[in-house]
Number of protein chains: 4
Amino acid sequence: MEVGFLGLGIMGKAMCMNLLRNGFKVTVWNRTLSKCEELVEHGASIGETPAAVMKKCKYTIAMLSDPSAALAVAFDKDGVLEQMCTGKGYIDMSTVDADTSKKISEVISKKGGYFLEAPVSGSKKPAEDGQLVILAAGDKVLFDEAIPAFNVMGKKSFFLGQIGNGAKMKLVVNMIMGSMMNAFSEGLVLADRSGLSQQTLLDVLELGAIATPMFKMKGPAMIQNNFTPAFPLKHQQKDMRLALALGDENAVSMPVAAAANEEFKKARSMGFGDHDFSAVYETVKTYGHSK
Amino acid sequence: MEVGFLGLGIMGKAMCMNLLRNGFKVTVWNRTLSKCEELVEHGASIGETPAAVMKKCKYTIAMLSDPSAALAVAFDKDGVLEQMCTGKGYIDMSTVDADTSKKISEVISKKGGYFLEAPVSGSKKPAEDGQLVILAAGDKVLFDEAIPAFNVMGKKSFFLGQIGNGAKMKLVVNMIMGSMMNAFSEGLVLADRSGLSQQTLLDVLELGAIATPMFKMKGPAMIQNNFTPAFPLKHQQKDMRLALALGDENAVSMPVAAAANEEFKKARSMGFGDHDFSAVYETVKTYGHSK
Amino acid sequence: MEVGFLGLGIMGKAMCMNLLRNGFKVTVWNRTLSKCEELVEHGASIGETPAAVMKKCKYTIAMLSDPSAALAVAFDKDGVLEQMCTGKGYIDMSTVDADTSKKISEVISKKGGYFLEAPVSGSKKPAEDGQLVILAAGDKVLFDEAIPAFNVMGKKSFFLGQIGNGAKMKLVVNMIMGSMMNAFSEGLVLADRSGLSQQTLLDVLELGAIATPMFKMKGPAMIQNNFTPAFPLKHQQKDMRLALALGDENAVSMPVAAAANEEFKKARSMGFGDHDFSAVYETVKTYGHSK
Amino acid sequence: MEVGFLGLGIMGKAMCMNLLRNGFKVTVWNRTLSKCEELVEHGASIGETPAAVMKKCKYTIAMLSDPSAALAVAFDKDGVLEQMCTGKGYIDMSTVDADTSKKISEVISKKGGYFLEAPVSGSKKPAEDGQLVILAAGDKVLFDEAIPAFNVMGKKSFFLGQIGNGAKMKLVVNMIMGSMMNAFSEGLVLADRSGLSQQTLLDVLELGAIATPMFKMKGPAMIQNNFTPAFPLKHQQKDMRLALALGDENAVSMPVAAAANEEFKKARSMGFGDHDFSAVYETVKTYGHSK
């Protein structure tokens, strides 16, 4: 099957590689064209612009960093919409807010095309291993046609109904995750300052009711101050912000998420935006100004 | 082996039953003596007071609800200390703050006895299944001698060093858990108010990096407003308070834990103190005063 | 001097009355036209649409409830921009975010007009008494020409520089105010539940370093559960949201404002959106679910 | 009138000086005896221990830094209680929690003495100017007899009823103050990072509904990073902690106070404990780790 793929960041590149390894013909595009090279070595073709990719392929997948990138790739000159027409499907797997998704969906429908929002749950390693969880919503027919591609990128795909539902589900999941990362960081710092072994805390957590793959994967790196990004902190904080905005629309008060969001902002102000989101641990540790 | 067992609440009763089923001779005591009956049916003897139990047994285990109960059982008239002497061991498995533990430990040492603090991680079901995680600290010899009892009550026992370390580790773990339960509740409410299926959220969480036994066990009951207590909310909030106090001593700022603690207090003020701690979900849902 | 006035809510009506009483010829417009009647009795003329008002007057003032109302009045059919041209001045005194202000400013400039954002600090009573504080930014010439009008509506006018600065200053002030109202509410509830007299607390506060007109004015009504709106809670919460968004852009972490914002959201969910923003006191008091 | 005065910190020294200047014979004591010298130059006598002071004087006032100091001065060897007897009055003006106050009160009553807790609202300057607000509770007769002394130390004295009420009222006031200082700091940082003038923000605040003596007095010093202590941050944070504990006892949820308390803890961890409590502004500003 031939697909287009727009956006070759940490996630996009890994997902695209899985398609290539599994026999898909892929035409790629990335804002920084040099990032396409590694994919070309594995059999991809290059599209000069999102429009060029859309023109060539029946189905195009996008994996962009945030709502403004998703809107730009859709609406800008040489963007996807220029070549959108009846029979073509656009699958936006970026994490955006429901409004952005609806904007893109409406214009695509007007041009006769199919649209599916399909954000994913999982970061770099699950993306590489084809073990993502795909949260799709929108056009059911396009969802069914996308299943072969979803099956090589993820371990399970959900169809969640109307446009906006995939975006919302993703934000809810990432909001819980961001609060949990803060709780974990606070526990690690409290343990250390109280004279306990952080490694022992990790061992204890692994045995109990709150054991989680995230703690297991990231804990050891965190206590060695290693924050090589799997999921950049600035994106996690963007997701907290969007989740809180969704809550605001529906008058849902979320004090723990709000506190976690402020800690991520503090981490950004300290220069950790491009680190892994687990770098919020550094923020919780604080800095001695003088003793 | 013959042991005393003081405190037959949700946890103590389950732990004591495991000892009885595994061939231990147990002498029990509980403030409300009627609670001893079921244990007697399974082979336990009754001690009229903590002192009577301590007099009879070489080793006595306590499983009380909070620091003031732990102090009362130790220091009050007819309490444990009246019969403490050289050669006797006291193992307090209650969750208390490090200061309470130290107080008890000092007086026991003065009287020539051995003391081990050994709070547990895990609630009703792990207690029933003998799958607790035991966080011991204090006298290493007593720890080694307690291993046979620990092995039927728990799946793993840690020796964490000096008195206070067990108490602190327990508080750190419960603090993370309390924040996570708040994050989970906020996610469930946000999903529901945004038009998503809460059951689907549970399914998505189970597949991802933040899957956890606690979400799996409690999620379904929560969305049906079932809060039968495994771990009473007032005890969880007491643990958050003690964890924040530990942080305060060490100048560790923990904004997410502080926000979670306030939500638990709100839940108490709404009358949920004796419900399971997952009842904080009800607090997050809020009540419409007028529309 | 002849001016147009768009928006006759709690604030707009009071400000407009001051203009009328001080000899200004005013042409008014409001979405609900019936609200114009009282102003007509005091000498105002009616404009059928914002465009009609703009056509008639050299200067037009707007006092709308939020960014979307401000944008609608500017951009919609029969909106202000249809009749904007060289020589005309538009003074938007609504509280909006800096981006909304900039959007309106740019389009007005393109059409050759003058624009001044001029949000105000103060609510119903200062508006009635002509004692507002005016936070203007944008076109300095228009600011100077507006001084006669500002002097009857307010006690002091600041010129803060480039477009966006007035909007930002207003949001900063209202953010501090929203956090203070929460702190005050928490103090009142704590006093009451601890067995202290709330009236005595008000007396003590008035004598000390944290005496403030807001506590003096609103305290007595609050403790009698009287929340007749001077400044609706939903608008206060909108301002907290916009202030937090401004902080987010600049990576400024504001945990106390974030916590206050969540309390205002909770108040909205409890149906207090149209009450005075001091109704957050009711949220802090909470509701007993069962005892 | 002859009185004893225990505790010559920032507050105690200033209060004592007012007594001396107004014709009171004062016998002073301080843990660091050298601090007594300046008072001696103004006519005070020295007592070697709290007991010695109590023995000499019919009335003794204490002004200590926290609950443990207050308890030590009362209960330790050579403490106040050794010389307490019928006819003697003890007035503890320290800021403590209600439990500490009750402990001291009970023992004094048993010995036949009178006790009045009388914490004050106001810091260094009001103390120097004799403009404190005195929040007394306990023995009404002793309150009436203390009025001459209160009138030179303060501008107004309240009698609030039973023991504990003075302590509680003080904590409520300081809790509101701590949250307000955080809100003020967040506003100052937000203004600065958004390109606004902090001095203009101070000017705007002074004209509006949230003008307060604290902002006026401390704002200019804060924006120049001057935190010479009038009220040390570690004491303010101690008061937030005690206020939150009072809330906890009464199941009063106070999320804004909790968030403010965490910011003060962060400030302590950054070494600002001995600075003025306005140094929490530095914490809100954060530190760039890298840009």
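The values are calculated or read from the model by the stated rules, or taken from the named source; none is laboratory data. Only a predicted model underlies this, so the values are computations on that prediction, with no experimental measurement involved. All Cβ positions, even for glycine, are placed from backbone atoms using ideal geometry, and neighbour counts span all protein chains on display. Accessible surface is based on the protein model in full, side chains and every heavy atom, while ligands, DNA and RNA are left aside. Shrake-Rupley method; radii C 1.70, N 1.55, O 1.52, S 1.80 Å.
Computed values, structure above
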| read-out | value |
| --- | --- |
| Relative contact order (%) - criterion: Cα under 8 Å, at least six apart; region: the range C:168-289 | 38 |
| Rounded, prolate or oblate (a/c below 1.5 giving rounded, otherwise prolate when a/b exceeds b/c) for the range C:8-156 by Cα gyration tensor | rounded |
| Semi-axis lengths, Å, chain C, gyration tensor of Cα atoms, sqrt of 5 times eigenvalues | 36, 20, 17 |
| Cβ-defined net charge surrounding A:Leu132, 14 Å radius [Lys, Arg +1; Asp, Glu -1] | +4 |
| Number of partner chain Cβ atoms within 10 Å, mean per residue of B:195-207 | 5 |
| Ascending list, in nanometres, of distances separating the D:Met217 label from those of the other copies (7 Å, Cα toward Cβ) | 2.4, 5.3, 5.4 |
| Farthest toward positive dipole pole in the range B:14-72 [+1 Lys/Arg, -1 Asp/Glu at C-beta], among B:Cys57, B:Ile46, B:Ala69 | B:Cys57 |
| For a label point 7 Å along the Cα-to-beta-carbon line of C:Thr228, residues of the range D:210-239 with backbone N under 18 Å | none |
| Dipole of chain C [Lys/Arg +1, Asp/Glu -1 at C-beta], most positive-end residue of C:Trp29, C:Gln83, C:Phe264 | C:Gln83 |
| Cβ-Cβ FRET estimate between C:Ser68 and D:Arg193, R0 fixed at 30 Å, reported to 0.05 | 0.70 |
| Accessible surface of D:Glu48 - all protein chains present, 1.4 Å probe, nearest 10 Å² | 130 |
| Distances in nm from D:Glu206 to the matching label points in the other copies, shortest first (labels 7 Å along Cα to Cβ) | 2.5, 6.2, 6.4 |
| Å² per residue, accessible surface of the range D:172-291 at 1.4 Å | 28 |
| Nearest-to-axis residue of chain B, judged by beta-carbon position, where the axis maps B onto D, in Å | B:Ala258, 2 |
| Within a Gaussian network of chain B (alpha carbon springs, distance under 10 Å), most fluctuating of B:Gly113, B:Gly154, B:Gly195 | B:Gly195 |
| Euclidean distance of C-alpha centroids, the range D:133-167 and the range A:1-28, integer Å | 77 |
| In the C-D interface, the accessible area buried, summed over both sides, Å² (probe 1.4 Å) | 4800 |
| Protection proxy ranking, peptides A:276-282, C:40-46, C:63-69, A:204-210, average beta carbon neighbours within 10 Å, highest first | A:276-282, A:204-210, C:63-69, C:40-46 |
| Position D:Ser68, label points 7 Å along Cα→Cβ, spacing to each other copy in nm (shortest first, one decimal) | 2.3, 5.1, 5.5 |
| Cβ crowding within 10 Å averaged over residues, with B:156-165, C:183-192 ranked highest first | C:183-192, B:156-165 |
| Heavy-atom SASA rank of B:Lys155, C:Lys110 (probe 1.4 Å, accessible area, largest first) | C:Lys110, B:Lys155 |
| Test item: Cα-centred dipole of the protein assembly as shown, Lys/Arg +1 and Asp/Glu -1 on Cβ, debye | 0 |
| Inter-part distance where the range D:101-116 and the range D:244-280 are each reduced to a Cα centre, Å | 30 |
| C-alpha center-to-center spacing [the range A:30-55, the range D:172-220] in angstrom | 53 |
| D:Phe115 long-range amide H proximity, modeled H, under 5 Å | D:Tyr90, D:Asp139 |
| Surrounding net charge for D:Lys88, when Lys and Arg each add one and Asp and Glu each subtract one, Cβ distance under 11 Å | +4 |
| Share, in percent, of DSSP beta bridges within chain C that are antiparallel, nearest 5 | 15 |
| Cut-off 11 Å between beta-carbons: net charge of the residues surrounding A:Thr228, Lys and Arg +1, Asp and Glu -1 | 0 |
| Share of Cα-Cα pairs in the protein assembly as shown lying beyond 63 Å, as whole percent | 14 |
| Shielding of D:164-175 by partner chains, average beta-carbon count, 10 Å | 5 |
| Net dipole in debye of chain B [+1 Lys, Arg Cβ; -1 Asp, Glu Cβ; about Cα centre; nearest 20] | 120 |
| Cross-link table B:Lys216/C:Lys266; B:Lys35/B:Lys125; A:Lys218/D:Lys266; D:Lys125/D:Lys170; B:Lys238/B:Lys266; A:Lys266/B:Lys285, entries beyond 23 Å C-alpha to C-alpha | B:Lys216/C:Lys266; A:Lys218/D:Lys266; A:Lys266/B:Lys285 |
| Cross-link pairs D:Lys140/D:Lys168; A:Lys88/A:Lys265; B:Lys102/B:Lys156 - those with Cα-Cα distance over 29 Å | A:Lys88/A:Lys265 |
| Test item: Cα-centred dipole of the range A:2-162, Lys/Arg +1 and Asp/Glu -1 on Cβ, debye | 200 |
